[in-house]
Amino acid sequence: MTDVRCEKCGSKDIAYVEDISCWRRVLGTKKGKVVINAFYRTDDFDDGENPRLLCRSCQHEWAVDTNAVEFV
């Protein structure tokens, strides 16, 4: 296996990111505020959108071909 490096700065600190939908349960109201459960869930939604690679060193993002991605 070879390292993936940032196209901009050369860092090896790369993350896979995508935009997802999530939901949290609304519990009610209290003292004029809506009370929402702190933990979110992502089930019942389709896969994420806009998959890309992110350099955690310089924040540069670039597209990734999801057909060339293997999740393990």
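Each reported figure results from applying straightforward, stated rules to the coordinates on display, with no laboratory input. Values in this document were obtained by computation on a predicted structure and should not be read as measured data. Note: ideal-geometry Cβ built from the backbone for every residue, glycine included; neighbour counts use all protein chains shown.
Could you list Phe71, Phe39 so that the one with the fewest beta carbons within 10 Å of its beta carbon is first and the one with the most is last? Display every interim value, and only then the final one.
On the way: Phe71 5, Phe39 8.
Starting with the residue having the fewest Cβ neighbours, the order is Phe71, Phe39.
Can you tell me the relative contact order of the chain? Whole percent, Cα pairs under 8 Å, sequence separation 6 or more. Don't skip to the end; give the middle numbers.
Values: 96 pairs, mean separation 22.3, N = 72.
For the chain, the relative contact order is 31 percent.
Taking 0.36 nm per intervening residue step and subtracting the Cα-Cα distance, what contour gain separates Ala68 from Asn50 on full extension? Please report the intermediate quantities before stating the final value.
Working: separation 18, 0.36 × 18 = 6.48 nm, distance 1.48 nm.
Result: 5.0 nm gained on full extension.
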Next item on the list: Towards the positive end of the charge dipole of the chain, with charges on Cβ (+1 Lys, Arg; -1 Asp, Glu), say which of Gly48, Leu27, Gly10 has the farthest Cα.
Entry: Leu27
Checklist line | Cut-off under 5 Å, modelled amide H: who pairs with His60 long-range | finding: Cys55
Note to self: Using the Karplus curve 6.51 cos²θ - 1.76 cosθ + 1.60 with θ = phi - 60°, what ³J(HN,Hα) values do you get for each residue of region 48-63, in whole Hz, with x for Gly and Pro?
What the structure shows: x, 10, 6, x, 7, 9, 10, 7, 6, 7, 10, 6, 6, 10, 8, 5
Next item on the list: Output ³J(HN,Hα) for region 16-26: one whole-Hz value per residue in order, computed from phi by the Karplus curve 6.51 cos²θ - 1.76 cosθ + 1.60 with θ = phi - 60°, and x for Gly and Pro.
Entry: 8, 10, 8, 8, 10, 9, 9, 9, 10, 6, 8
Check: Under a point spin-label approximation (7 Å from Cα along Cα-to-Cβ), what is the Arg25-Val4 distance to one decimal in nm?
Finding: 3.5 nm
Checklist line | Cα Rg, Dmax (largest Cα-Cα span) when computed across the chain, Å | finding: 17.7, 56
